[in-house]
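Engineer: The structure's right below; bear with me while I get my questions together.
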Amino acid sequence: MNELTRRDEMSLAGAALRGAPWKAAAISGGAIAAISTVLGFLTGDPDLSWAFCVGISVFSLVAAVGAVSKPTVGDRVTRQARVWSLRHPWRFSLYPGAGAAVLMYPVQLVFDQEGVFGAAWDALWGGAVVYVLSGLMTLALKGRIRPTG
């Protein structure tokens, strides 16, 4: 009777992500994408698709880890959502992974020129990498939960 529906899980993950450090995530992802692009031009083989997708991955990871790194900060709903996310790291990580895949798809489609299905395949793989990394990082932060009562 206490099982959460997929909609409840999505609401909890969204509430936890509401407190993510979005500015830091955008700066980190943008910096990594810019560095990767510049290095590509310096080596003579720029791959904009790779650079932007790495930036999107870093953006998603910083947002996901930042969202759950301080489970005692924020309003009551955000704190409870963060604690749920730390207790269920793999369910929580579905959403940053899916978000990264959605953001990577148009980048793959425009810059990689592999077609609709090739871009979807590459974006799914990128989202899977973000899912695994954010799950592992969230699992590592699980010890931050303080026992109640």
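The values are calculated or read from the model by the stated rules, or taken from the named source; none is laboratory data. In this text, all values refer to a predicted model and were calculated from it rather than measured experimentally. No Cβ is skipped: glycine too gets one built from the backbone with ideal geometry, and neighbour counts run over all protein chains shown. Remember, those area values only see protein heavy atoms, side chains included, never the ligands or the DNA or RNA. Shrake-Rupley method; radii C 1.70, N 1.55, O 1.52, S 1.80 Å.
Engineer: Hey, can you tell me all the residues within the stretch 111-126 that are open to solvent by 70 Å² or more (accessible area, probe 1.4 Å) and in a helix (DSSP H, G or I)? So that I can check it myself, show each step before the final result.
Structural biologist: Of all residues in the stretch 111-126, those open to solvent by 70 Å² or more (accessible area, probe 1.4 Å) come to 111, 113-114, 116-117, 121, 124-125.
Passing the criteria: PHE111, VAL116, PHE117, TRP121, LEU124, TRP125.
Engineer: Filter the stretch 31-46 for residues that are closer than 19 Å to ALA100 by Cα and either exposed (fewer than 15 other Cβ atoms within 10 Å of the Cβ) or without any contact (Cβ under 8 Å) to a residue 12 or more places away in the chain (or both) and give the result.
Structural biologist: Residues satisfying the conditions are ALA31, ALA34.
Engineer: Pairs, please: C-beta under 8 Å, at least 6 apart or cross-chain, first residue under 12 Å from ARG91 (Cα atoms) and without any contact (Cβ under 8 Å) to a residue 12 or more places away in the chain and in the stretch 1-20, second open to solvent by 30 Å² or more (accessible area, probe 1.4 Å) and in a helix (DSSP H, G or I)?
Structural biologist: Listed pairs, sorted by first residue: LEU4/LEU12.
Engineer: (1) in a loop (DSSP other than H, G, I, E, B); (2) open to solvent by less than 70 Å² (accessible area, probe 1.4 Å): which one isn't true of ALA13, the others all being true?
Structural biologist: (1)
Engineer: Mind telling me which of the residues ALA67, ALA81 ends up being of a type in the set (A, V, I, L, M), at pLDDT 90 or above and within 14 Å of ARG18 (Cα to Cα)?
Structural biologist: Numbers: ALA81 fails: at pLDDT 90 or above.
Of ALA67, ALA81, the one residue that is of a type in the set (A, V, I, L, M), at pLDDT 90 or above and within 14 Å of ARG18 (Cα to Cα) is ALA67.
Engineer: Something else about it: Of ARG18, ARG7, which residue is open to solvent by 80 Å² or more (accessible area, probe 1.4 Å), out of contact with any Gly (no Cβ under 9 Å at 6 or more places or on another chain), closer than 23 Å to GLY135 by Cα and of a type outside the set (Phe, Trp, Tyr)?
Structural biologist: Working: ARG18 fails: out of contact with any Gly (no Cβ under 9 Å at 6 or more places or on another chain).
Checking each option against the conditions leaves just ARG7.
Engineer: Quick one: would you say VAL38 is assigned to a helix (DSSP H, G or I) and aliphatic (A, V, I, L, M)? Give the steps one after another, and end with the answer.
Structural biologist: Details: assigned to a helix (DSSP H, G or I): yes; aliphatic (A, V, I, L, M): yes.
Taking the combined requirement at face value, the residue satisfies it.
Residue-wise test of (1) within 16 Å of VAL58 (Cα to Cα); (2) of a type in the set (A, V, I, L, M).
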residue	(1), (2)
GLY97	yes, no
LEU109	no, yes
PHE117	no, no
ASP122	no, no
LEU136	yes, yes
GLY143	no, no
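Engineer: Taking the residues in the stretch 54-110 that are of a type in the set (Lys, Arg) and part of a helix (DSSP H, G or I) as candidates, determine which candidate is least open to solvent (accessible area, probe 1.4 Å).
Structural biologist: Step one: list which residues in the stretch 54-110 are of a type in the set (Lys, Arg), which gives 70, 76, 79, 82, 87, 91.
Filter once more, keeping what is part of a helix (DSSP H, G or I): 76, 79, 82, 87, 91.
Working: ARG76: 141, ARG79: 88, ARG82: 15, ARG87: 126, ARG91: 96 Å².
This residue is ARG82.
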